[in-house]
Amino acid sequence: MSLAGKTLFISGASRGIGLAIALRAARDGANVAIVAKTTEPHPKLPGTIYTAAEEIERAGGAALPIACDIRSEDMVRQAVEATVARFGGIDVCVNNASAISLTRTPATDMKRYDLMQSINTRGTFVCSQATLPHLKKSSNAHILTLSPPLDMQAKWFAPHVAYSIAKYGMSLCTLGMAEELRRDGIGVNSLWPLTTIDTAAVRNLLGGDGMAQSSRTPEIMADAAYAILSRPASECTGNFFIDEEVLRAEGVTDFAPYAAGRADGPYFADFFVPEAALTRTTTELIRA
């Protein structure tokens, strides 16, 4: 199933994984609403909504850059209205925008706590809610959230309680909405990487260039997202997918092209990946 002519509403699509998903869809001739805050170049972050739009159009898609802070319900609803006015509807909502702060409880100020909750959990909820009336009119509607499997172990919470709550809140949206919207034929799923992904967060906040060199590129998440969004929505819902497992199911056996640095690994395993998923892969991983 192609994404040609489909309209994707993607939060945080000005860079990183969100932009990679947009570009993969654009190669089919999809329409993409780039819903993000960055309108001016940032010294530490690549891209703006306008440079992203240019890339999407060069890739073969149609782009609508929308300056939007998803913490604002009004801005999100205006972004949805603008998308529908431009493209006639919405077929896919990708909840990609996320805030991160890997601080322990005493070091987490409430402003940062509120930021993560507002962007991650609340932002996922409001974007899904606002696009829902239009998704119900689509012939193959999907909500895809970039959030982890619900592996409820203390080890995922203890080092950064606030961040983990915010990310798992996104996954709880998937869990509940998948069942709530099953009768509407809307596929609601989460996608998470097996390894760390070479993004600004990895380079600036986590492990710097060293970790980036032992990560994969955002294109692996884009190809996995494309595979999910190309499936019949009524038959694909309520899943917590891992990128590599999605692509292996699609017949991919060579993952070297996704290497950000050393093609032969090892790669850093990402946060929140259940032990069962780690044991199913043949990829050599560095486990935290």
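The values are calculated or read from the model by the stated rules, or taken from the named source; none is laboratory data. All values reported here derive from a predicted model rather than from experimental measurement. Ideal geometry is used to build each Cβ from the backbone, glycine not excepted, and the neighbour counts take in all protein chains shown.
Considering the stretch 177-187, the residues that are assigned to a helix (DSSP H, G or I) and under 18 Å from the mean Cα position of the chain (by Cα) include one that is surrounded by the most Cβ atoms within 10 Å (Cβ to Cβ), namely MET177. Could you please find all residues in the stretch 47-80 being polar (S, T, N, Q), under 27 Å from ARG112 (Cβ atoms) and assigned to a helix (DSSP H, G or I)? Passing the criteria: only GLN78.
Listed here are the residues, each with its yes/no results for (1) closer than 18 Å to THR145 by Cβ; (2) without any contact (Cβ under 8 Å) to a residue 40 or more places away in the chain; (3) surrounded by fewer than 17 Cβ atoms within 10 Å (Cβ to Cβ).
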{"site": "ALA59", "(1), (2), (3)": "no, yes, no"}
{"site": "ALA62", "(1), (2), (3)": "no, yes, no"}
{"site": "ASP74", "(1), (2), (3)": "no, yes, yes"}
{"site": "ALA79", "(1), (2), (3)": "yes, no, no"}
{"site": "VAL84", "(1), (2), (3)": "no, no, no"}
{"site": "ALA97", "(1), (2), (3)": "yes, no, no"}
{"site": "ILE100", "(1), (2), (3)": "yes, no, no"}
{"site": "ASP109", "(1), (2), (3)": "no, yes, yes"}
{"site": "MET116", "(1), (2), (3)": "yes, no, no"}
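Filter the stretch 39-91 for residues that are at pLDDT 95 or above, hydroxyl-bearing (Ser, Thr, Tyr) and either more than 18 Å from LYS6 (Cα to Cα) or touching a Cys at 6+ places or on another chain (Cβ under 7 Å) (or both) and give the result.
Taking the stretch 39-91 as the starting set, the residues that turn out to be at pLDDT 95 or above are 48-91.
Retained after the next criterion (residues that are hydroxyl-bearing (Ser, Thr, Tyr)): 48, 50-51, 72, 83.
Across the stretch 39-91, the qualifying residues are THR48, TYR50, THR51, SER72.
Based on this model, can you work out whether ALA222 counts as touching a residue at least 24 places away in the same chain (Cβ under 8 Å) and either assigned to a helix (DSSP H, G or I) or not acidic (Asp, Glu) (or both)? Answer is yes for this residue. Against the definition (hydrophobic (A, V, I, L, M, F, W, C), surrounded by fewer than 17 Cβ atoms within 10 Å (Cβ to Cβ) and more than 23 Å from ALA4 (Cβ to Cβ)), how does ALA260 come out, yes or no? No.
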